[in-house]
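Reading through the structure tokens given below for one structure.
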Amino acid sequence: QVQLVESGGGLVQPGKSLRLSCAASGSVGSINTMGWYRRTPGKQRELVAVVTRSGSTNYADSVKGRFTISRDNAKSTVYLQMRSLEPEDTAVYYCNAEVYDVVPFISWGQGTQVTVSS
């Protein structure tokens, strides 16, 4: 089992920064890629950023240059540093992890709300 718990969400003004954290527990040695997704009511969940165990990253075009994903394998934690936040970034942000088991599967966190408003 792998459990993911997100934290760090909140209400921020446009242009400000926020850092999200996602702490993994359980079979953390089986985790490969981790990522952040977001969902706004009425919209499909979308990929924000992903990072491999070795540190390779990829970003959605909408956040490229503003968001940075990173991970601390020793702490089994992945982060999303969000800069120059825009109202369009308002969403529930979910952490996920690709887990290698008998059959690989994806574990999801419960989500953390980010609201960008003046």
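The values are calculated or read from the model by the stated rules, or taken from the named source; none is laboratory data. The shown structure was predicted, so the numbers you read here are calculated from the model rather than taken from an experiment. When we count neighbours, we look across all protein chains shown, and the Cβ atoms used for this are built from the backbone with ideal geometry, even at glycine. Protein only, heavy atoms only, side chains kept; ligands, DNA and RNA dropped before computing areas. Shrake-Rupley method; radii C 1.70, N 1.55, O 1.52, S 1.80 Å.
Can you find, within the stretch 64-118, the residue that is farthest from Arg45 (Cα to Cα) among those that are in contact with a helix residue (DSSP H, G or I) (Cβ under 8 Å, 6 or more places away or on another chain) and hydrophobic (A, V, I, L, M, F, W, C)?
For the stretch 64-118, the residue satisfying everything is Val99.
Within the stretch 76-97, track down each residue that is in a strand (DSSP E or B) and either open to solvent by 10 Å² or more (accessible area, probe 1.4 Å) or over 18 Å from Thr52 (Cβ atoms) (or both).
Thr77, Tyr79, Gln81, Met82, Ala91, Val92, Tyr93, Tyr94, Asn96
Residues that are acidic (Asp, Glu) and surrounded by fewer than 15 Cβ atoms within 10 Å (Cβ to Cβ): list the strands (runs of 3 or more DSSP E) wholly contained in the stretch 1-70 that include at least 1 such residues. Don't jump to the end; show me each part of the working.
Values: elements: 2-7, 10-12, 18-26, 31-39, 46-51, 57-59.
Correct list: 46-51.
Is it the case that Val103 is surrounded by fewer than 12 Cβ atoms within 10 Å (Cβ to Cβ) and either among the β-branched types (Val, Ile, Thr) or assigned to a strand (DSSP E or B) (or both)?
Answer is yes for this residue.
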